[in-house]
1. Considering segment 114-125 alone, what residues qualify as being under 22 Å from residue 163 (Cα atoms) and in contact (Cβ under 8 Å) with a residue 12 or more places away in the chain?
2. Got at least one residue in segment 29-39 being closer than 19 Å to residue 187 by Cα, touching a Pro at 6+ places or on another chain (Cβ under 6 Å) and not in a strand (DSSP E or B)?
3. I want to confirm something. Restricting to segment 31-55 and keeping residues that are at pLDDT 95 or above and open to solvent by 50 Å² or more (accessible area, probe 1.4 Å), which single residue is nearest to residue 206 (Cα to Cα)?
4. Which condition breaks for residue 218 when tested against (1) within 36 Å of the chain's Cα centre (by Cα); (2) loosely packed, with under 12 Cβ neighbours inside 10 Å; (3) of a type in the set (A, V, I, L, M); (4) at pLDDT 90 or above?
5. Restricting to segment 60-85, and then to whatever is of a type in the set (A, V, I, L, M) and in contact (Cβ under 8 Å) with a residue 60 or more places away in the chain, can you tell me which residue is nearest to residue 132 (Cα to Cα)?
6. Of everything in segment 172-185 that's closer than 12 Å to residue 158 by Cβ and of a type outside the set (Val, Ile, Thr), which residue is surrounded by the most Cβ atoms within 10 Å (Cβ to Cβ)?
7. Which residue pairs have Cβ atoms under 8 Å apart, sit 6 or more places apart or on different chains, and have a first residue in segment 86-112 that is open to solvent by 70 Å² or more (accessible area, probe 1.4 Å) and a second that is in a helix (DSSP H, G or I)?
8. Taking residue 211 as meeting all but one of (1) of a type outside the set (Lys, Arg); (2) modelled with pLDDT of 90 or more; (3) over 28 Å from residue 192 (Cα atoms), write down the number of the exception.
Amino acid sequence: MHEHPVEIETLTKDYGQGRGIFDVSFSLKRGECFGFLGPNGAGKSTTIRHLMGFCRPDSGKALLERTEAFHHPEVLENVGYLPGEVSLPPSLTGREFLIEQKMLRRVKDTARLAFLIKELGVDFRSKIKNLSLGMKRKLAICAAFISDPEILILDEPTSGLDPAMQDFFLDLVLKEKERGRTILLSSHIFSEVEHCSDRIGIIKDGKIMTILTREEVLHGGRKKYLLSFETEEESQRAKNILQGKGYLPTTDFKNALLYVLPDDKRTDFLPLVLFLHPQDLRIEKESLKELFLSYYKEDQEYQTL
């Protein structure tokens, strides 16, 4: 077995007019959960479709166990896939669909399936065409996990689930990680990515902006410094002095200044700040959401969250 069961190497698919993915590269270690974070249209699903072999790239590679699924679909036998948009056979009942999946994946032990059906509260009697989006998502979850695969590729997995089922699913992901499964979790929801992931990759306009470890997310590679002053004149004076030393404020309030800086700037920055005698100084860790928004400053949808 390979150390990196999922490998994406300079993957590019250019659909024109800036749409597609461009030189996307990252890999997953065995037993790791990798959070793939970005809004709809950023390139998450396009990357995953190439990994699943649904698309042929313009250049680069998307490998599962060092194999391209586009040319060797048999590699998918050990992969559980939950698509972002669930499309199930409408004329089948839930029961008929799951029986079909069990046969296709050659599943003999049904204990795991029975557990998922019970915990998710799956309606397996009704026709799929009559089911809600959430119930269809539950059936798709059963199908993804039914064969106890070594690799799980989950694209917006909690979409359509109620809060209780979202919590159950995220706990399920954590348990799968503890069992040594390799998981690619694609999402636009900060909390679920932060909850499950060992590393997080942020994608924007089809390009990887940064990849962070869980330690960096939890303890912060950057800090926020909020300096408050009694008057607007004092605030402007402090701004000018700090700007002369190469520090530009992230936000300039009436009587306050906000700076977001990496930790390695702390030693030089703090003595300058203390010399300015602010009325109040607050230092906080930058959250995953705030870090994400630093790459999406112009994205109004995210600015209002």
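1. Within segment 114-125, 116, 117, 119, 120, 121, 122, 123, 124 meet the criteria.
2. Within segment 29-39, none of the residues are closer than 19 Å to residue 187 by Cα, touching a Pro at 6+ places or on another chain (Cβ under 6 Å) and not in a strand (DSSP E or B).
3. Among them, the one singled out is 49.
4. Checking residue 218 against (1) within 36 Å of the chain's Cα centre (by Cα); (2) loosely packed, with under 12 Cβ neighbours inside 10 Å; (3) of a type in the set (A, V, I, L, M); (4) at pLDDT 90 or above, the one that fails is (4).
5. Only one residue tops the list, namely 82.
6. Applying the filter and picking the extreme gives 185.
7. 90/128; 90/129; 91/128; 91/129
8. Looking at each condition in turn, residue 211 falls short on (3).
The values are calculated or read from the model by the stated rules, or taken from the named source; none is laboratory data. Since we're looking at a predicted model, the values are computed, not measured. Please note: Cβ atoms are built from the backbone with ideal geometry, for glycine as well, and neighbour counts cover all protein chains shown. Areas reflect the complete protein model, heavy atoms only, side chains present, ligands, DNA and RNA absent. Shrake-Rupley method; radii C 1.70, N 1.55, O 1.52, S 1.80 Å.
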